[in-house]
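Worksheet for the structure shown next.
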Amino acid sequence: MRKKMVMGNWKMNGRQSDIKQLLEELRANIPNEGAECVVFPPSVYIPLVSDQLQQSHIRWGAQNTYPKDNGAFTGEISALMLKDFGVTFALVGHSERRQIFKEDEKFVSEKFHHVKEHDIIPVLCVGETLQEREDGLTEQVLLGQLQAISDSSDNAFQQCVIAYEPVWAIGTGKTATPEQAQEIHAFIRSYIAEQSKETAEQISIVYGGSVNENNAELLFSMPDIDGGLVGGASLNARQFVEIVKCIN
């Protein structure tokens, strides 16, 4: 049975006092049963989050990592370092990494397989820009992003999560309709089924793109949408808890 998941990507937001209060409210209000909840703090706060959530059912992940165990890579963080602080998930291929930091498909694939080698679950982010959607290229773009992963390894999508994030909906307030998102999620699952039907049935595919407490219930009701990768709303405890309630 596929896991239901609600993930919070804090991006470059938060201060120590804010994070402590946010986590306190999440611990108190997110139920132990139901959807799996994961937060992705800025890397500098991973030790704090690890300490605060040790006795909690909420898990934590990393927003980024570098695909080497160690070396002269100033400013980067390895999967081995993340494991020292109990990190179990890592975002890979987020559109902001692709667009702002020019990470190409080859580099995204290296990161994806590197974190898997260290028993960290990659959350592969895929999605198209508004121009690509208007040009009818959505499926072509997604195929390129998925094939970059699958061409590097047999049954590459075992033990991972995929997040469909239409770039035009991230932080814009625009959201794909539940039907639009479902269509793409079904397309992604069908592609994975070509490699392994078992993996396609088990993999969690979550939706990201201005998910909030007002649209979450309809999105999560779609048969191939297994949860959400939440951006801005994950910084507000009340909103994030309400989103979790929608899937539970």
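Each residue in segment 212-233 was checked for being more than 24 Å from residue 159 (Cα to Cα) and under 16 Å from the mean Cα position of the chain (by Cα), and 4 pass. Just to verify a result, which residue in segment 128-148, among those that are out of contact with any strand residue (DSSP E or B) (no Cβ under 6 Å at 6 or more places or on another chain) and either of a type in the set (A, V, I, L, M, F, W, C) or closer than 17 Å to residue 9 by Cα (or both), is surrounded by the fewest Cβ atoms within 10 Å (Cβ to Cβ)? So the residue we want is 130. Taking segment 26-56 as the range and being over 27 Å from residue 93 (Cβ atoms) and surrounded by fewer than 18 Cβ atoms within 10 Å (Cβ to Cβ) as the test, the residues that pass are 27, 28, 29, 31, 32, 33, 34, 51, 54, 55, 56.
Of the helices (runs of 4 or more DSSP H) lying entirely inside segment 161-248, those containing at least 2 residues that are among the polar types (S, T, N, Q) span 178-195, 197-202. Checking every residue in segment 10-23 against the condition of being buried (at least 18 other Cβ atoms within 10 Å of the Cβ), without any contact (Cβ under 8 Å) to a residue 40 or more places away in the chain and under 14 Å from the mean Cα position of the chain (by Cα) gives zero matches. Pairs meeting the criteria (first residue in segment 92-116 and at negative phi and assigned to a helix (DSSP H, G or I), second residue of a type in the set (Phe, Trp, Tyr) and surrounded by fewer than 20 Cβ atoms within 10 Å (Cβ to Cβ), beta carbons under 8 Å, at least 6 apart or on different chains) are 111/66.
Where a number appears in this text, it was derived from the coordinates with a stated rule and is not lab data. Keep in mind that this is a model prediction, so the values were computed, not measured. All Cβ positions, glycine included, derive from the backbone under ideal geometry; neighbour counts span all protein chains shown.
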